[in-house]
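Below is one structure, written out as structure tokens; comments come after it.
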Amino acid sequence: MRTDFVAREVATGLRRNVTMTAAMVLTTAISLLMVGTGLLAVKTIDATESIYSDRLEIRVALTQDVSTADAECTQPICAGLRSTLENSPLVAGVTYENQQEAYQRFQELFAGQSVAELARPQSLPATLRVKLVDQDGSTEAGAAAVKQAMANQVGVRTVIDQRDVVAKLFDFLGGVRNVTFALALVQAVAALLLISNTVQVSAYTRRTEVGVMRLVGATRWYTQLPFLVEAVITGVVGAVLAGAGLLVGKIAFIDSLLAGIAQNGVIPPVTLADVLTVSVYLVPIGAVIAGITGYVTLRLYVKV
């Protein structure tokens, strides 16, 4: 099989159907861009779960009078609450955070934001930070028991399970992932239809020369290969454009959108390495999908 023949036929096919080829490349690029965004969302969810797996606590916020009067948690109310928690078999450890320490942590979390300038130590409650014995899914019952035990105690203002807060973040990220994958599926269907139509049109415009080649003994595989190469090329080009789109999106939007919460450690940043890794995965995905679609189309609908 001559390489120059295949290259010449591929160039001819791409040139003759330039508008359909462009449409196929763009549709494939958009589809793979959505897939890439979904993969980045999955990666972010996994990294966020690993970050919070050993950080999640139950925070028992104390009332204002206890917070103000007891900076060391040595007076009866605070000391009694702490002792109750420490004696529970469900609790691995208890840390007391007074108002000044809470204020310092608040300043670190919201550094550079206007809310940090408005806060005062007296406006933040002292807190008993409770770490449970285990940090996996088996702690659900333990967390509920601790919250129930502390809910109506004297000196307790609120009981916050950080799992509930983080669950909302995971739900949001999961929603982003699901939406992007759904849009990617719709775009993928459009891309597959365009690839199929483009292959059929390309084969039809060259039906005469292909027919002559078959008459002189050319195999079906020999005559089909140029059309498959065209489909693969468009898939690869679409994947490269999708990777470029992810890179532009990271620099132009994601970095600025997530800058504050990423710097504060709320969620991990989307790194350049993450984008490049996902972009590399998109190239074989685009090539394989386009190649398989072109091959099936040729076998089912095109007699070449």
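Could you list, in sequence order, the residues of region 111-163 that are in a loop (DSSP other than H, G, I, E, B) and at pLDDT 70 or above?
119, 120, 124, 125, 126, 133, 152, 153, 154, 155 - these are the residues of region 111-163 that are in a loop (DSSP other than H, G, I, E, B) and at pLDDT 70 or above.
Of all residues in region 54-75, at least one satisfies being modelled with pLDDT under 80 and either charged (D, E, K, R) or open to solvent by 70 Å² or more (accessible area, probe 1.4 Å) (or both).
Of the residues that sit in region 167-208 and are more than 25 Å from residue 231 (Cβ to Cβ) and aromatic (Phe, Trp, Tyr), which one is most open to solvent (accessible area, probe 1.4 Å)? Restricting to residues being more than 25 Å from residue 231 (Cβ to Cβ) and aromatic (Phe, Trp, Tyr), the top hit is 172.
Across region 18-38, not a single residue is classified as at pLDDT below 85 and not in a helix (DSSP H, G or I).
The values are calculated or read from the model by the stated rules, or taken from the named source; none is laboratory data. Just so we're clear, the structure is a prediction, and the values are computed from it rather than from any experiment. Cβ coordinates were reconstructed from backbone atoms using ideal geometry, including for glycine residues, and neighbour counts include every protein chain displayed. Accessible surface areas use protein heavy atoms only, side chains included; no ligands, DNA or RNA. Shrake-Rupley method; radii C 1.70, N 1.55, O 1.52, S 1.80 Å.
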